[in-house]
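See below for the structure under consideration.
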Amino acid sequence: MVASQPSNRRKTNAKMAFSAQDFLDSAGVCRKVTEFKKKDAIFSQGDPGTTVLYIQKGGVRLSVVNEAGKEAVVAVLGPGDFFGEGCLAGQPRRIGTATAITATTALVIEKKEMIRVLHAEHEFSDRFITFMLARNIRIEEDLVDQLFNSSEKRLARTLLLLARYGQEDTPQKVLPKISQEMLAEMVGTTRSRVNFFMNKFRKLGLIKYNGGLQINNSLLSVVLHD
């Protein structure tokens with residue numbers, strides 16, 4: 001029993017080391033690489049849902065517009081994230097709009113190919129399921145954040161998420177140029193409130209501007225403060 005433990009650990013480590021990016025880059029997966037400029041619409045609400053996308057670099061904002069024309073930002077995604085996966089669950093058309101918030105490179109995978117890969121490659125399937133579960137948890141947290149937290153806490157949390165705080169990969173730290181108007185849309189408040197709190201965070205040393213917006217992990221204290 002004792003002798004088998006190192007072997008089990010190696011198997012576990014090998015599974016943890018599985019890279020979705022490396023797998024998607026392999027010759028056996030039919031996909032194309034597409035580059036988008038900042039503010040490009042990757043797909044729009046109502047478009048046919050025929051592909052799943054995987055972000056290699058950059059960032060993507062997912063938003064929904066209601067019948068009255070009011071827009072709500074439902075997610076901000078970064079490298080290593082999938083989106084457009086609703087087509088796998090039978091959604092014939094996109095229920096929201098995906099917009100590049102900075103120069104973005106994404107792998108575009110046809111629906112049939114994605115289904116084939118999920119059935120054929122168990123490690124990749126596990127990675128995708130883990131991502132979807134994490135996405136659901138994030139949506140629940142976003143809802144709680146919107147319902148119960150102040151705009152100051154929501155802004156701090158949004159900045160930390162954009163900086164990929166707590167992700168397995170190295171936190172981004174320096175954010176791409178992002179307007180206060182976009183932050184206001186993400187947080188659900190006004191630009192003037194965002195400007196007020198950004199100045200407050202800067203004076204406290206929680207953020208700074210130096211070739212981009214730099215996020216200090218101590219910004220978490222704003223989120224945790226009662």
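The values are calculated or read from the model by the stated rules, or taken from the named source; none is laboratory data. Remember, predicted model here, so these are calculated numbers, not experimental data. When we count neighbours, we look across all protein chains shown, and the Cβ atoms used for this are built from the backbone with ideal geometry, even at glycine. The accessibility values were calculated without ligands, DNA or RNA, using every heavy atom of the protein model including side chains. Shrake-Rupley method; radii C 1.70, N 1.55, O 1.52, S 1.80 Å.
Assuming residue 35 fulfils every condition listed in (1) at pLDDT 75 or above; (2) out of contact with any helix residue (DSSP H, G or I) (no Cβ under 9 Å at 6 or more places or on another chain); (3) under 18 Å from residue 113 (Cβ atoms) apart from one, which condition is it?
Residue 35 satisfies every listed condition except (3).
Output yes when any residue across region 88-103 is assigned to a helix (DSSP H, G or I) and crowded, with 19+ Cβ neighbours inside 10 Å, and no when none is. Walk me through it before giving the result.
Let us first name the residues in region 88-103 that are assigned to a helix (DSSP H, G or I), namely 88-89.
Add one more test, that the residue is crowded, with 19+ Cβ neighbours inside 10 Å, and what stays is none.
No; the residues of region 88-103 include none that is assigned to a helix (DSSP H, G or I) and crowded, with 19+ Cβ neighbours inside 10 Å.
Would you check if residue 72 is open to solvent by 10 Å² or more (accessible area, probe 1.4 Å) and in a strand (DSSP E or B)? So that I can check it myself, show each step before the final result.
On the way: open to solvent by 10 Å² or more (accessible area, probe 1.4 Å): yes; in a strand (DSSP E or B): yes.
Taking the combined requirement at face value, the residue satisfies it.
Could you run through region 37-53 and say how many residues are farther than 13 Å from residue 95 by Cα, in a loop (DSSP other than H, G, I, E, B) and open to solvent by less than 70 Å² (accessible area, probe 1.4 Å)?
1
With the requirement that a residue be in a helix (DSSP H, G or I) and open to solvent by 40 Å² or more (accessible area, probe 1.4 Å), what does region 175-201 give you?
Step one: of region 175-201, the residues in a helix (DSSP H, G or I) are 180-187, 191-201.
Within region 175-201, 181, 185, 191, 192, 193, 195, 196, 199, 200 meet the criteria.
Failed condition for residue 27, given (1) surrounded by 14 or more Cβ atoms within 10 Å (Cβ to Cβ); (2) at pLDDT below 80, with all others met?
(1)
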